Amino acid sequence: MLKEALIGTLCGAVVLTIGILIGHFGIQKNSAPSWVNDVAKDVDEALIQQFLSEVETFQLQENLRELTKVPHMATSPGDEETVKYVLKRWQDPETGLDEAWRQEYEIYLSFPNPTNPNKVTVVNSLDSVLFTVREREVNYTADQNDPQVVQPFAAYSPAGHAKGKLVFANQGKPSDFQHLNETIDLRGTIAITRYGGEGRGQKAINAAAYGVVGLLVYTDPLDMNDGLMSDTNETYPHSWYLPPTGVERGAYNRDFGDLLTPYLAAKEDTYRIPPEDITGIPPIPTQPIGFQDARTLICALAGEAAPKDWQGGLDCIYNLGGPGFKPTSPFNNSDVKLDIYNEEKIVNSSNVMGVIRGSVEPDRYVIYGNHRDSWVHGAIDPSSGTAVMLEITRVLGRMVKQGKWRPRRSIIFGSWGAEEFGLIGSAEYTEEYFTKLSERTVGYINVDISVFANATLSASAMPSMQSVIFRAAKQVNAPGFDSTSVYDNWIRYTNRTSPTHGIIPRVGYLNGAGSDYAAFVHYLGITSIDMSYTYDRSKTNARIYPAYHTAYDTFDYASRFIDPGFVAHQAVGRTAGNILIRLADSLLLPFNCKDYAESLEDYLNTAVNLYQKDLKAKSISMEPLSKAVANFRKEAEQLDKVIQSSDLANETPLKVRKINDQLMLMDRAFLNPLAFPNEYGFRHVIWASSSSGKPTFPGIADAFAQANSSHLASDWEKVHYHLSVVAQAIDGAANMLKEVI
């Protein structure tokens, strides 16, 4: 009996021990919550390869075909069609996003009067019309004959009537008008200028300062067509070059965003300034024309020959004007007359927004944007970019719908409205969600014109994004090559020597406000990139693709002359999508602050070489700036050591989040809302717009140029002020990179 009891007790003990062990190891195995693995997960390289393989040229082609069926100027019926089309794509049950919606604003736009078109004429002393500039471009295809093709006009030019003797003012820069004014009384004249060298609206502002009462702007064939002018066999529809009657439309305002609601989102009940308080728009009637009509006017001008560097591609000597025309011209003693009937309206405009929600950090946003509106059909600008964005969302959306993937961070897609009138849709979005975007956005990718041509990639970005751009570009085949990457092809066309990396492709900087990155970079300080495929600049002098903003920017033009086969569209889609996935999925944000330090050092070296001698004579020291840049370099290298020595996948998620926040917020430290009080929306003291043309800190460069010109003590004090602003901003960014206070 005792023996049986002992055996029973022993068996029970064994069973209990086994149970405890099973329970112990079972609990150990299953004790970690399910989210632990997700938190530590890094970007999936296999998924990136799958994405690259699914971006299709046929889909890109059909996207562009659909987007360019009708002209879609902002707020037009065609624009509404594209709003519905993008919404339909993003709400598709098989390939759409988690959610998509339209975001509406009430914005101030300028249009030509549809029943009373603008006119430019040459009239004699009796006001009889001797010559009339074309009101419409020549039709080569049915596209130009579409009733929604808007007459060429200068948006935000005032309505009015101007008449006077004609003068040629080159590019309309202040120096051009100053040169003219040395020999010609410009008061009461009409000036004709070519595009380039100065902002559209600024040409008119510069002209008015000298008493000019009206302005014409044209595209010179030397600047765009490599001198070619004949539509019989040289220009479109025979090549990519601009036909003689092609006219570049455009917005002639200086500031971005809705002009009546600065720093406020343009909602229905938002306070609006009076229209007469708007600054940075033409004060005189202004109208763009084609180079065929410009030739008729310029080649008849009297007066001295214009300087050699003012001469263009029209087959005549460019004279300055008497003012007015030659005595031997049929226009002798005649005036040029502008009758402008533009009208301004507050109209409803829509952004289309979509989102894929993040699985681990849904409160961290990667934003991808492209504007949707065009001046006419807009095949290249902007529909090439929209076509790429829709293909990226089709591929990623299908992965999400099939349960194959969900990004770590949330991805927001923005199809911006009314960009052509001054980046309005994106600017209003950043103004409406200023705080949320400032605190939560890790990066912005802008692909406006995705394909200017099919030779090479071009990218501008904050320096910290350089490494992720290069990594993505190395994984994509260049168009037309089986074994050459986009990266290797790019480095052949444009490169630089980096002290750290050797010879690398040249990545530009996001100075100025050329596209929808402006509000994200300059207003919010968000790490951003703008990218496209472009042409070989050694083979053409074209300042941009020749059909830019004209009625010839059509599907036919894009598919025959810009990117046959849509292989460059595909390369951009693959590269941009690769970058997007890495920003959204990487455990650690793929930003390299040491590359930023290299750019700051380049800027410093330029500033020292250009300014130090003169500043020292004024008892202004550049030492604080030098120390700040050195401090940034030190902290960037220290942060990199922390990253390289850490096994982040096995560390607390809070450490990863802390480092990511340092990387995300570093660019915000460069913001100073008081640095540029006369420049709307510009707060980033490293990448703000500059008029000096010097590759260095913009505030210092512009202040120095002004002081060096005026020799005023107060202007030299402004140079000292901007030195302090930049030095302290760089120190602030360096402190952001420190591990602790």
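Taking first residues from the range 169-190 that are at positive phi and partners that are of a type in the set (S, T, N, Q), the Cβ contacts under 8 Å between residues at least 6 apart in sequence or on separate chains come to N170/T193; G172/T193; G172/Q202; G172/N206.
Mind listing whichever residues of the range 606-636 are surrounded by 13 or more Cβ atoms within 10 Å (Cβ to Cβ) and closer than 21 Å to R496 by Cβ? Those that are surrounded by 13 or more Cβ atoms within 10 Å (Cβ to Cβ) and closer than 21 Å to R496 by Cβ: T606, A607, V608, L610, V629, F632, R633, A636.
Among the residues of the range 158-187, which ones are among the acidic types (D, E) and within 22 Å of K119 (Cα to Cα)?
Filtering the range 158-187 for residues among the acidic types (D, E) gives 176, 182, 185.
Those that are among the acidic types (D, E) and within 22 Å of K119 (Cα to Cα): none in the range 158-187.
Residue check: F676 meets all listed conditions (1) assigned to a helix (DSSP H, G or I); (2) open to solvent by less than 70 Å² (accessible area, probe 1.4 Å); (3) over 14 Å from E739 (Cα atoms) but one, namely (1).
The residue of the range 310-335 that is most open to solvent (accessible area, probe 1.4 Å), among those that are part of a loop (DSSP other than H, G, I, E, B) and charged (D, E, K, R), is D315. Pairing residues of the range 85-104 that are closer than 17 Å to Q402 by Cβ with residues that are open to solvent by 80 Å² or more (accessible area, probe 1.4 Å) and not in a strand (DSSP E or B), at Cβ distances under 6 Å and at least 6 apart in sequence or on separate chains, gives E94/K401; D98/R357. Residues to consider are G403, G512, G425, G443; find the one that is within 25 Å of R254 (Cβ to Cβ) and modelled with pLDDT of 95 or more. The unique qualifying residue is G425.
Just to verify a result, which residue in the range 714-741, among those that are assigned to a helix (DSSP H, G or I) and either open to solvent by 70 Å² or more (accessible area, probe 1.4 Å) or of a type in the set (S, T, N, Q) (or both), is farthest from D661 (Cα to Cα)? Even if it seems obvious, please write down each step before you answer.
Just the residues of the range 714-741 that are assigned to a helix (DSSP H, G or I), to begin with: 714-737.
So of that shortlist, the ones also either open to solvent by 70 Å² or more (accessible area, probe 1.4 Å) or of a type in the set (S, T, N, Q) (or both) come out as 714, 717-718, 720-721, 724, 728, 735.
Numbers: S714: 40, E717: 36, K718: 33, H720: 32, Y721: 30, S724: 26, Q728: 20, N735: 13 Å.
Ranking the candidates gives S714 first.
The criterion of being within 30 Å of P174 (Cα to Cα), assigned to a helix (DSSP H, G or I) and among the polar types (S, T, N, Q) does not hold for S691. Restricted to strands (runs of 3 or more DSSP E) entirely inside the range 142-255, those with at least 2 residues that are within 28 Å of the chain's Cα centre (by Cα) and crowded, with 22+ Cβ neighbours inside 10 Å are 190-194, 214-218.
Return yes or no: is L396 assigned to a helix (DSSP H, G or I), open to solvent by less than 10 Å² (accessible area, probe 1.4 Å), in contact with a strand residue (DSSP E or B) (Cβ under 9 Å, 6 or more places away or on another chain) and farther than 27 Å from A558 by Cβ? Reasoning before the result, please.
Details: assigned to a helix (DSSP H, G or I): yes; open to solvent by less than 10 Å² (accessible area, probe 1.4 Å): yes; in contact with a strand residue (DSSP E or B) (Cβ under 9 Å, 6 or more places away or on another chain): yes; farther than 27 Å from A558 by Cβ: no.
No.
In the range 353-365, the count of residues that are touching a His at 6+ places or on another chain (Cβ under 7 Å), crowded, with 20+ Cβ neighbours inside 10 Å and hydrophobic (A, V, I, L, M, F, W, C) is zero. Test G577 against the criterion of being touching a helix residue (DSSP H, G or I) at 6+ places or on another chain (Cβ under 7 Å) and surrounded by 24 or more Cβ atoms within 10 Å (Cβ to Cβ), and give yes or no. It is true that G577 is touching a helix residue (DSSP H, G or I) at 6+ places or on another chain (Cβ under 7 Å) and surrounded by 24 or more Cβ atoms within 10 Å (Cβ to Cβ). Mind checking which residues of the range 488-513 are farther than 15 Å from D536 by Cβ and without any contact (Cβ under 8 Å) to a residue 24 or more places away in the chain? Across the range 488-513, the qualifying residues are D488, R496, T497, H501, G502, I503.
Could you grab me the full set of residues in the range 79-114 that are within 14 Å of F153 (Cα to Cα), modelled with pLDDT of 95 or more and over 29 Å from the mean Cα position of the chain (by Cα)?
Of everything in the range 79-114, just one residue is within 14 Å of F153 (Cα to Cα), modelled with pLDDT of 95 or more and over 29 Å from the mean Cα position of the chain (by Cα), namely N113.
Do we have any residue at all in the range 504-524 that's over 19 Å from the mean Cα position of the chain (by Cα) and open to solvent by less than 20 Å² (accessible area, probe 1.4 Å)?
Our first condition is that a residue be over 19 Å from the mean Cα position of the chain (by Cα); within the range 504-524, this holds for 504-505.
Add one more test, that the residue is open to solvent by less than 20 Å² (accessible area, probe 1.4 Å), and what stays is 504-505.
Yes, some residue in the range 504-524 is over 19 Å from the mean Cα position of the chain (by Cα) and open to solvent by less than 20 Å² (accessible area, probe 1.4 Å).
The sole residue among G313, G324, G280 that is under 27 Å from the mean Cα position of the chain (by Cα), at pLDDT 95 or above and of a type in the set (G, A, S) is G280. Set side by side, the residues A705, A729, A669 differ, and just one is touching a Phe, Trp or Tyr at 6+ places or on another chain (Cβ under 8 Å), at pLDDT 95 or above and hydrophobic (A, V, I, L, M, F, W, C), which is A729. Among the residues of the range 548-556, is there at least one that is farther than 27 Å from W405 by Cβ and not in a loop (DSSP other than H, G, I, E, B)? Within the range 548-556, one or more residues are farther than 27 Å from W405 by Cβ and not in a loop (DSSP other than H, G, I, E, B). Restricting to the range 424-462, count the residues that are open to solvent by 10 Å² or more (accessible area, probe 1.4 Å) and over 21 Å from P546 (Cα atoms). The number of residues fulfilling the criteria is 11. Note on the range 537-561: among residues that are under 26 Å from F470 (Cβ atoms) and of a type outside the set (A, V, I, L, M), the one that is modelled with the highest pLDDT is Y545. When the range 336-346 is examined, which residues are found to be out of contact with any Asp or Glu (no Cβ under 6 Å at 6 or more places or on another chain), surrounded by fewer than 21 Cβ atoms within 10 Å (Cβ to Cβ) and part of a strand (DSSP E or B)? Matches in the range 336-346: K337, D339, E343, E344, K345.
The selection criterion, being open to solvent by less than 40 Å² (accessible area, probe 1.4 Å) and assigned to a loop (DSSP other than H, G, I, E, B), does not hold for V120.
Test A688 against the stated conditions and say whether it is in contact (Cβ under 8 Å) with a residue 40 or more places away in the chain, within 30 Å of L437 (Cβ to Cβ) and open to solvent by less than 20 Å² (accessible area, probe 1.4 Å).
On the way: in contact (Cβ under 8 Å) with a residue 40 or more places away in the chain: yes; within 30 Å of L437 (Cβ to Cβ): yes; open to solvent by less than 20 Å² (accessible area, probe 1.4 Å): yes.
Yes.
Residue count for the range 280-309 satisfying the condition of being part of a strand (DSSP E or B) and of a type in the set (G, A, S): 1.
Against the conditions (1) without any contact (Cβ under 8 Å) to a residue 60 or more places away in the chain; (2) over 26 Å from G257 (Cβ atoms); (3) of a type in the set (F, W, Y), W716 satisfies every one except (1).
The values are calculated or read from the model by the stated rules, or taken from the named source; none is laboratory data. This structure is a prediction, so every number in the text was calculated from the model and none was measured. In this analysis, Cβ positions are derived from the backbone assuming ideal geometry, glycine residues included, and neighbour counts consider all displayed protein chains. Just the protein is used for accessible areas: all its heavy atoms, side chains included, with ligands, DNA and RNA removed. Shrake-Rupley method; radii C 1.70, N 1.55, O 1.52, S 1.80 Å.
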